[in-house]
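**Q** Take this structure first; my questions come after.
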Amino acid sequence: MIMNFIRGITRITFCILTIIVVGILIFIASFIPIKVGRYQLAFWILIQAVDLLVFGTNIKVEVPESERLNKFEGFLMPNHVSYIDILVLYEAVPTRFLAKNKVRYWPVVGQVAYAIGCVFVKRKDKDSRKNARETMKNIDLFPPIIIFPEGTRGPGDKLLPFRYGGFEIAAETSTPILPVAIVYDRIELIRTYEESIWKAYWRLLSSKERLTATIHLLEEIRPYPEQDPVQLSQETHAKMNEVLTKYQFNIETKEPIG
């Protein structure tokens with residue numbers, strides 16, 4: 001137990017310091033119109049920071065088809081089971097995401113999300129949803145944009161029904177969709193369904209076991225304006241559920257160990 005505590009405190013201190021320093025750098029960089037390759041300076045800084053955070057949280061990210069993922073421009077649609085999902089996806093490929101509006105006002109994180117071009121939406125506000133949809137229709141598809149079709153974190157042992165809004169936007173604009181199945185080898189370490197994020201975060205950071213996340217890419221979808229978004233969402237759900245059933249849902253979970 002003592003070693004768990006020391007391990008957890010060391011890692012969380014490292015992560016907090018990294019986030020603070022990176023937040024300051026990104027805030028400054030957001031005012032500097034410089035690009036590193038195809039990325040704005042603020043985005044490039046974030047890419048380097050994610051490498052540090054993944055190291056600090058003792059996570060290993062595996063992408064069997066990394067080249068296909070790095071070439072993709074469009075909407076990434078992954079399953080959603082944990083607060084770690086976004087960190088894992090960023091480690092796999094630089095990206096942005098459609099986020100709840102309250103994220104915009106989180107210390108450091110909100111400024112970072114704004115600086116890299118994330119889209120914010122108040123889910124219970126009709127006008128906010130409409131504005132977000134219009135923004136998504138005209139947004140640059142590089143870097144790709146994450147849309148969690150479940151809309152919220154799921155329990156980890158099943159896939160929640162998909163919302164069809166993202167599919168509707170993709171169909172109207174003929175934007176490519178790449179469904180992504182995130183599979184964790186020790187999902188019990190990071191699952192946050194009906195549980196405090198901070199409790200799960202501490203469980204991960206204090207564990208001596210390394211968490212491995214594998215990114216499985218499904219077949220790319222090329223929707224068209226006449227396509228029914230509800231049917232498209234249901235078909236995508238069925239295909240992703242098949243992959244997760246094979247690699248995640250049938251895996252016997254273990255008790256978190258220190």
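**Q** Within segment 22-46, count every residue that is within 16 Å of Gly110 (Cα to Cα) and among the aliphatic types (A, V, I, L, M).
**A** The total comes to 9.
**Q** Take the residues in segment 198-233 that are of a type in the set (A, V, I, L, M, F, W, C) and exposed (fewer than 14 other Cβ atoms within 10 Å of the Cβ); name whichever of them is nearest to Leu87 (Cα to Cα).
**A** Trp198
**Q** Confirm whether Glu195 is surrounded by 14 or more Cβ atoms within 10 Å (Cβ to Cβ), assigned to a loop (DSSP other than H, G, I, E, B) and among the acidic types (Asp, Glu).
**A** no
**Q** Give the residue, chosen from Leu52, Leu98, that is under 29 Å from Leu189 (Cα atoms), outside any helix (DSSP H, G or I) and aliphatic (A, V, I, L, M).
**A** The unique qualifying residue is Leu98.
**Q** Tally up the residues in segment 164-175 that are assigned to a loop (DSSP other than H, G, I, E, B), in contact with a Phe, Trp or Tyr (Cβ under 9 Å, 6 or more places away or on another chain) and closer than 16 Å to Leu98 by Cβ, please.
**A** Final tally of qualifying residues: 1.
**Q** Continuing with this model, one more query. Only one residue in Ile139, Ile146 is surrounded by 14 or more Cβ atoms within 10 Å (Cβ to Cβ), in contact with a strand residue (DSSP E or B) (Cβ under 9 Å, 6 or more places away or on another chain) and either of a type in the set (Asp, Glu) or at pLDDT 90 or above (or both). Which one?
**A** Ile146
The values are calculated or read from the model by the stated rules, or taken from the named source; none is laboratory data. These numbers come from a predicted model, not from an experiment. Counting neighbours? That spans all protein chains shown, and the Cβs are built from the backbone with ideal geometry, glycine included.
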